[in-house]
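Everything on this sheet refers to the single structure shown next.
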Amino acid sequence: MSLNNLIKACKKNKRSAQAELYNTYKDSLFIVCLKYCKNIEEAEDNLQDAFIVILNNIQKYSGKGSFEGWMKRIVINKAIDRYKKDNFINVMIKDDILKDTQIDNSQFTLPLNVILNTIQDLPSRYRLVFNLYEMDGYTHKEIANMLNISEGTSKSNLHRAKLILKEKILIIDPSLTHTKLNYGK
């Protein structure tokens, strides 16, 4: 069934179409969940919650833009909602001491599951900001609005996430000490 026909059938609440939609997109959306959740169980819950929202709100999809992008946005928003329900502390560092961490990955490779596990181990506030900024291309202003934090806090959380990731990567593979895991430009 074509994507347009599948969407139309889902809008008519046809169970077979809903099952096909789920089976078609569950794996790619689960990967998105893994980026934003701290473990597999939380990612599974997030995926289930997101598909409930997707199927209940598929009438709102207007056909403009990518359908997969629309679903991905719902998955990310569900992860952010879960994060907001948890109590957390915003850590703030003055902008003048923030520097971007640059990683020259041409000199090393780590298996994807190791990288993903390392990112998942980040504290939630750092993991969310890191993924939104580095992996999904949101600006600090957009992240601040999504998470109800200041832009400075978003920058600070990104900086701290990179510091933690650098430390963890060097523990996993100490030979990377000589690669460019440096601060600044």
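The values are calculated or read from the model by the stated rules, or taken from the named source; none is laboratory data. Note that the coordinates shown come from a computational prediction; the quantities given were computed from them, not determined experimentally. With ideal geometry, Cβ positions are generated from the backbone for all residues, glycine too; neighbour counts draw on all protein chains shown.
The set of residues in the range 51-99 being under 20 Å from L21 (Cβ atoms), charged (D, E, K, R) and modelled with pLDDT under 90 consists of K64 alone.
Among the candidates G184, G152, the residue that is more than 19 Å from Y36 (Cα to Cα), at pLDDT 90 or above and more than 19 Å from the chain's Cα centre (by Cα) is uniquely G152.
Within the range 132-146, can you find the residues that are surrounded by fewer than 22 Cβ atoms within 10 Å (Cβ to Cβ) and within 13 Å of the chain's Cα centre (by Cα)?
Quick first cut of the range 132-146, residues surrounded by fewer than 22 Cβ atoms within 10 Å (Cβ to Cβ) only: 133-142, 144-146.
Correct list: Y133, E134, M135, D136, G137, Y138, M146.
Just one of K64, K38, K72 is surrounded by 15 or more Cβ atoms within 10 Å (Cβ to Cβ), in a loop (DSSP other than H, G, I, E, B), not aromatic (F, W, Y) and not assigned by TED's automatic domain parsing to the domain that holds L116; which is it?
Working: K64 fails: surrounded by 15 or more Cβ atoms within 10 Å (Cβ to Cβ); K72 fails: in a loop (DSSP other than H, G, I, E, B).
Of the residues listed, the single one that is surrounded by 15 or more Cβ atoms within 10 Å (Cβ to Cβ), in a loop (DSSP other than H, G, I, E, B), not aromatic (F, W, Y) and not assigned by TED's automatic domain parsing to the domain that holds L116 is K38.
Can you tell me which residue in the range 15-35 is surrounded by the most Cβ atoms within 10 Å (Cβ to Cβ), limited to those that are in contact with a helix residue (DSSP H, G or I) (Cβ under 9 Å, 6 or more places away or on another chain) and free of Cβ contacts under 8 Å to residues at least 12 places away in the same chain? Before you say what the answer is, go through the steps one by one.
The first filter runs over the range 15-35 and keeps only residues in contact with a helix residue (DSSP H, G or I) (Cβ under 9 Å, 6 or more places away or on another chain), leaving 16-18, 20-22, 24-26, 28-35.
When the remaining residues are screened for being free of Cβ contacts under 8 Å to residues at least 12 places away in the same chain, the result is 16, 31.
Details: S16: 11, I31: 15.
The qualifying residue surrounded by the most Cβ atoms within 10 Å (Cβ to Cβ) is I31.
Considering only the range 46-61, state which residues are under 18 Å from the mean Cα position of the chain (by Cα) and surrounded by 15 or more Cβ atoms within 10 Å (Cβ to Cβ). Within the range 46-61, N46, L47, D49, A50, F51, V53, I54 meet the criteria.
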